[in-house]
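Q: Let me begin by handing over the structure; questions about it come next.
Values in this text are rule-based calculations from the coordinates and carry no lab data. The model shown is predicted, which means the values in this text are computed figures rather than measured ones. Neighbour counts run over all protein chains shown; Cβ positions are idealised from the backbone, glycine included.
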Amino acid sequence: MSQVAQGGGAAAVPASSAFPVRRRRKFNYQSVLGTLPMIITAIGVFVICIIFSVIWSFTNSKVFPNFNFVGLAQYQRLWTTDRWLISVQNVVIFGALSMVFGMVFGYLLAVFMDQRIKQEDLFRSIFLYPFAMSLVVTGLVWQWMFDPNLGIQAAVRQIGWTSFSLAPLVNKETALYGVVLGGLWNGVGVTMAIMLAGLRGVDAEIWKAAKVDGIPTWKTYLFIVLPMMRGAIATAFILQLTGVVRVFDIVIAMTQGGPGISTQVPAIYVIQHITDRANVGQGMAAATMMLLPVLLLIVVQGLLQWNAKRKQGRA
Amino acid sequence: MSTNALPLSQPIVDGPRGAKPKRITPARIGVYAFLVLSALFFLLPLWVMIVTSLKGMPEIRLGHLFNWPAELTFDPWIKAWDTACTGRDCNGLKPGFWNSVKITLLSVPVSIVVAMINGYALSFWRYKGSELLFAVLIFGAFVPYQVVIYPLIIGLREVGLFATLPGIVVVHTIFGMPILTLLYRNFFASLPAELFKAGRVDGAGFWGIFFRIMLPMSVPITIVAVILQTTGIWNDFLFGTVFAGRENMPMTVQLNNIVTTTTGIREYNVNMAATILTAAVPLVVYFVSGKWFVRGIAAGAVKG
């Protein structure tokens, strides 16, 4: 992970390592004192708390944590519980759909915003304002819009289109797609903003060159500019990915995991087991599983960096 | 990771660089049609929220979701603020509002001051192990909250902070720390080293340089941090549910309780008024801060 952080830092702030004056000093007690909250947080929360979560996942802790170890029993139970299996399936579907549609819609919006349009600031404000509102608010609004008897469905039917149907939340098969739509409404503006900044960061010379070569605008956007925006795409991707793994508020507000258990997600599973269901061991096993995608991300990032370094060495 | 794709030193808005538009062509019309349709999609829920909150229940039962109220009423707003029920308490949203005000007013400055000192120390006063601590902190930005929440509950209970106002402030400070520290570290690292050297030559130490040189320099980045934290903490739901306890229940949690209360008839107009009231603070922050908000998002890209 240290590689990751340093890599990121070095890319943006070359200055930080270039100044010899900032070489590591001997122990400066004021500095240690000043960063005491960071020391406590880094070690106490992001190391020790995680270790405890993992340890308790191997115990049969119920209401209160204990240290009666039961091996992998909690994991065995976890992976044979419908509620968890559906949670994992849901988070994968939710993640895939919101990321694909979020990226495509976000990039499209950014490209259209980039056409020297009038009122750019107005459009930007409109696309972004949902993000200022909480996911609870987002969930409640869309729950109301999707109300089968009084929502969009009813309003459209009244105009005369009587077979119109748009009430995904009351149906087990479609509830998750309703949540995806709510999430997109909240977050697409951010993807657009990041992509637009990325578009504007592309060298103007590229555009001139593409024009000279007679490449149509849409091709330039898709095959030349898009691959050059790796930074912006990675930022948007990671932002969305962390949001997906954590997805909680919007589901609670929109469906409370229902109908039935059709929109359960891992984050809800963990919280329910450490609160209402009073089964800490089971909750911690689920929490430990939630750590896996993060570790995977770090390994992938590490491999990419290692690969890049190796290539550099060869050249 | 790629948190630095959009450094703050660069202006976010640079002016369009796409192909030069000609006169009105079908393509131009297409561009605006797409943008206007998208804008409608984003605006529709806000419109529905507003009109629903201004209608009486009889009118809502007619099902004209998008219509402007035939008979304008502000009663739902008054009820949402003053008398709406969560379980047996019928005090409306106002206790939640004041709890959120308390939580936000305390958590924003505390989390920012802590992160500011972190970033300053990590840029100018590194010590053995400080970079490793920072790496752990950045790792923390990607860890799902559920992985650390339960041990944190136990830890806070041990020191008597669980379900208290100081407790929820500590929690917001902890989870705001990774991204804010990164923000300040990158900012301080982008300052010219001569500033720091000059302070050293004048004999100033860790705190002297911090208060006399760095603090005044960091006003712009602090505006971004304040926006990021104010909206983030106001909108928080998970930590409020888990850590705040009944006494300090923030507005988002209370809103959810009011709306999902299943007893009696569901009053959609009151629910929507309550929803707007909860969204009001971050929306005002958003519209007042404008482009600063976009910078905050770019900077806070890992926060999620």
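Q: Can you name the helices of chain B, as whole DSSP H runs, whose Cα span along the helix axis is 30 Å or more and whose Kyte-Doolittle mean is not below 1.6?
A: Working: long enough: B:26-53 (40 Å, 1.85); B:94-124 (45 Å, 1.04); B:165-189 (34 Å, 1.42); B:268-289 (31 Å, 1.44).
Helices meeting the criterion: B:26-53.
Q: Per residue Cα convex hull volume for the stretch B:17-73, in cubic angstrom? Please report the intermediate quantities before stating the final value.
A: On the way: hull volume 6.7 nm³, N = 57.
Dividing the Cα hull volume of the stretch B:17-73 by its residue count gives 117 Å³.
Q: With springs only between Cα atoms under 10 Å apart, run a GNM on chain A and tell me which of A:Pro37, A:Pro65, A:Pro266 wobbles the most.
A: Top of the fluctuation ranking is A:Pro37.
Q: Normalised by the number of residues in the stretch A:209-284, what is the relative contact order in percent for Cα pairs under 8 Å and 6+ residues apart? Intermediate values should be presented prior to the final figure.
A: Working: 33 pairs, mean separation 11.3, N = 76.
Once normalised by length, the contact order is 15 percent.
Q: Still on this structure, I have one more. Over chain A, what is the mean sequence separation of C-alpha contacts under 8 Å (at least six apart), divided by residue count, expressed as relative contact order in percent?
A: Numbers: 334 pairs, mean separation 89.5, N = 315.
It rounds to 28 percent for chain A.
Q: Give, rounded to the nearest 20 debye, the magnitude of the charge dipole that the protein assembly as shown has about its Cα centre when Lys and Arg contribute +1 at Cβ and Asp and Glu contribute -1 at Cβ.
A: Numbers: 47 positive and 24 negative charges, 397 e Å.
In total the dipole reaches around 1900 debye.
Q: Taking a temperature of 20 °C and a viscosity of 1.002 mPa s, what whole-number D in µm²/s does Stokes-Einstein yield for the protein assembly as shown with Rh from Kirkwood over alpha carbon pairs? Don't jump to the answer; show the numbers that get you there.
A: Numbers: Rh = 25.8 Å.
After rounding, the answer is 83 µm²/s.
Q: Right, another one. In what sequence do A:His273, B:His64 fall when counting other Cβ within 10 Å, fewest first? List each step's numbers first, then the result.
A: Details: A:His273 25, B:His64 18.
In order of increasing Cβ crowding within 10 Å: B:His64, A:His273.
Q: Using a Gaussian network for chain B with springs between C-alpha atoms less than 10 Å apart, which of these wobbles most: B:Leu137, B:Leu44, B:Leu182?
A: B:Leu44
Q: Moving on. Provide B:Arg212, A:Arg200, B:Arg126 in ascending order of the number of other Cβ atoms located within 10 Å of each residue's Cβ, fewest first.
A: Numbers: B:Arg212 12, A:Arg200 21, B:Arg126 18.
Fewest-to-most Cβ neighbours within 10 Å comes out as B:Arg212, B:Arg126, A:Arg200.
Q: Something else now. For the stretch A:75-150, run through the trypsin sites (Lys or Arg not before Pro) and keep only the ones in DSSP coil with at most 16 other Cβ atoms within 10 Å of their Cβ. Working shown, then result.
A: Working: sites: A:Arg77, A:Arg83, A:Arg116, A:Lys118, A:Arg124; in loops: A:Arg116, A:Lys118.
Answer by residue number: A:Arg116, A:Lys118.
Q: When 1/r is averaged over all different Cα pairs and the result inverted, which Kirkwood radius in Å belongs to the stretch B:38-144? Numbers along the way, then the final one.
A: Working: mean 1/r = 0.0532 Å⁻¹.
Taking every pair of different Cα atoms in the stretch B:38-144, averaging 1/r and inverting gives 18.8 Å.
Q: So, with +1 on the Cβ of K and R and -1 on the Cβ of D and E, and no other charges, what is the size of the charge dipole of the stretch B:17-73 about its Cα centre, to the nearest 20 debye? If you can, show how the numbers build up before the last one.
A: Working: 7 positive and 2 negative charges, 134 e Å.
The calculation lands at about 640 debye.
Q: Here's another thing I want to ask about it. If every alpha-carbon in chain B counts as one equal scatterer, what log10 I(q)/I(0) does Debye give at q = 0.07, 0.09, 0.11 1/Å?
A: Relative scattering, expressed as log10 I(q)/I(0), comes to -0.38, -0.61, -0.85.
Q: Alpha carbons only, please: Rg and Dmax for chain A, in angstrom.
A: 24.1, 78
Q: A further question on this structure: Please go through the residue pairs A:Lys118/B:Lys291; A:Lys172/B:Lys79; A:Lys118/A:Lys219; A:Lys219/B:Lys291; B:Lys102/B:Lys128 and name each one whose alpha carbons sit more than 26 Å apart in this structure. Please list the in-between numbers first.
A: Numbers: A:Lys118/B:Lys291 17 Å; A:Lys172/B:Lys79 34 Å; A:Lys118/A:Lys219 24 Å; A:Lys219/B:Lys291 30 Å; B:Lys102/B:Lys128 38 Å.
Over 26 Å Cα-Cα: A:Lys172/B:Lys79; A:Lys219/B:Lys291; B:Lys102/B:Lys128.
Q: Moving to a separate point now. Determine the principal axes of the Cα atoms in the stretch A:75-178, then give the extent along each, sorted from largest to smallest and rounded to whole angstroms.
A: Rounded to whole Å, the extents work out to 58, 39, 23 Å.
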